[in-house]
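Notes follow the structure.
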There are 2 protein chains.
Amino acid sequence: MYSDGRGRPRLERSRRPGRSAREEILDAAAELFTAQGYARTSTRQIAEAVGIRQASLYHHFGTKDDILDALLWGTIDDPLRLAGELLTEDGPAAPLLHALVVFDVGQLCTGRWNLGALYLLPELRTPRFQPFRLRRGELRDRYAALARRVIAESAGPDDAYDLPFRLVESVINRRSDGEGRLADQPWIIAEAALRTLGFAGDFAALRTLTGQRLRLTDKVHV
Amino acid sequence: MYSDGRGRPRLERSRRPGRSAREEILDAAAELFTAQGYARTSTRQIAEAVGIRQASLYHHFGTKDDILDALLWGTIDDPLRLAGELLTEDGPAAPLLHALVVFDVGQLCTGRWNLGALYLLPELRTPRFQPFRLRRGELRDRYAALARRVIAESAGPDDAYDLPFRLVESVINRRSDGEGRLADQPWIIAEAALRTLGFAGDFAALRTLTGQRLRLTDKVHV
């Protein structure tokens, strides 16, 4: 028997990644939500997949919506923080946006489950998920702020400011289609995002800069 | 009482668009699938929303999956046909891809319901939907074939060939987010798609050409 740290015996030792029962619940829920659908998944099934009692699951999450909410926040927390840091930097915006796109596409591609596929659930339009919608809107705004700076620097098309954010999220569809190698996508999407804004500078130099920046801050493995 | 043309009395006169009971069923299903989710929608609810008996619905569609399948095909039929026609044309590929993107984004933006949001349903990965998946893959391949020609003409990045298709589908997310005006999106996305391929020619001339082409063939209202 294995203890989850709350003194409650677990039904079976789990092989799921995660240092805590909470993380194992999130991992199991992510698998079930993306594989069989949110509506078709019950908290009982999630508890069974982790190997805990349903009552134990409720120590960590009050409802199934709370589990979904936690998973969704996990997809935007890190890019939001990085975007906030990058926006405080002076100098050309192209390297900043490039780094943000590489990082964000990287995390969308390398997470164990394709959680972005949950963004289109009808449930997300309910009031329960308004805080998440607002925060994702904030991430979109931060992308747009960097994009507008790149457009100004490159004399690019004024109406293209939303495209980098949309290109980043397009890897969710690509992943869902089971298409080819994902490892190159951060670099392909970052270059494409800048091209949509009219940037036609030195992409090799940007790749070097971004590689240094993201390794230095230990934010992503690329 | 109103007859649906099969001699069966309808429970109530419907206000749904559609010249036939079949089209009204598709419209009601599209609304329910996108608003409350596919798993949560029953054929009984669809029949009620149209104002027909469930038994009458089964004259048109054997299962709920069959209704979903018909809706999905409706999102790719026209762009597939247009892409096939465009691929037979000689000369520069940029105007061809521009026209395809304007047309396809136009139909994704102007349909009554955001049907593309159903592409990410887990149900679509089942064998039932393999024919649809293959046809959508064919549309993606036709985009890629045109994109590779533009890349060759523009000395653009070799690995960008999948981006126009992904950019087109990004309007599904934009629409789901309830973001701003959609009317400009066909033109914004078409220009962005070409820019990702390294094209830096005359966009004003392309817009004129595409406007003429799509009006002449009466394929879309842009």
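For peptide A:156-163, compute the average count of partner chain beta-carbon atoms within 10 Å of each residue's beta-carbon.
What the average comes to for A:156-163 is 5.
Rounded, prolate or oblate: pick one for the protein assembly as shown, where a ≥ b ≥ c are the square roots of the eigenvalues of its C-alpha gyration tensor, a/c under 1.5 means rounded, and failing that, prolate if a/b is larger than b/c, else oblate.
oblate
Can you list the distances in nanometres, one decimal and ascending, from the B:Glu123 label point to the identical position in each other copy, with the point 7 Å along Cα to Cβ?
Nearest first, the other copies' label points are 1.7 nm away.
Per-residue ellipticity at 222 nm for chain A, helices alone: DSSP H runs ≥ 4 residues times -39500 (n - 2.57), over residue total, nearest 500 deg cm²/dmol?
About -20500 deg cm²/dmol.
Label position 7 Å from Cα toward Cβ: report the copy-to-copy distances for B:Asp159 in nm, one decimal, ordered from shortest.
When each copy's label point is compared with this one, the spacings are 3.1 nm.
Need one value for B:118-131: mean number of C-beta atoms belonging to other chains within 10 Å of its residues' C-beta atoms.
Mean number of neighbouring Cβ atoms from other chains: 3.
In peptide A:167-176, what is the residue-averaged number of other protein chain Cβ atoms found within 10 Å of each Cβ?
For peptide A:167-176, the averaged partner shielding equals 5.
Taking the Cα centre of the protein assembly as shown as origin, work out the dipole magnitude from +1 charges on Lys and Arg Cβ and -1 charges on Asp and Glu Cβ, in debye rounded to 20.
Roughly 1560 debye for the protein assembly as shown.
Any idea what angle helix A:185-196 forms with the longest principal axis of chain A, computed on alpha-carbon atoms, 0 to 90 degrees, nearest 10?
That helix lies at roughly 40 degrees to the long axis.
How large is the charge dipole for chain B, taken about the Cα centre, if only the Cβ atoms of Lys, Arg (+1) and Asp, Glu (-1) carry charge, to the nearest 20 debye?
That gives a dipole near 860 debye.
Return the Cα extents of segment A:71-222 along principal axes one, two and three, sorted largest first, each rounded to a whole Å.
Taking the Cα atoms of segment A:71-222, the three principal extents are 42, 30, 27 Å.
Among the residues of chain A, which one places its Cβ closest to the rotation axis that maps chain A onto chain B, and what is that distance in whole Å?
A:Ala39, 2
State, in angstrom, two size descriptors of segment A:38-126 derived from its alpha carbons: Rg to one decimal place and Dmax to the nearest whole number.
Considering segment A:38-126 through its Cα atoms, Rg and Dmax are 17.1, 54 Å.
Throughout, read-outs are computed from the coordinates displayed, never taken from laboratory work. Because the structure is a prediction, the values reported are computed rather than measured. Because the Cβ atoms are built from the backbone with ideal geometry, glycine has one as well, and the counts that use them run over all protein chains shown.
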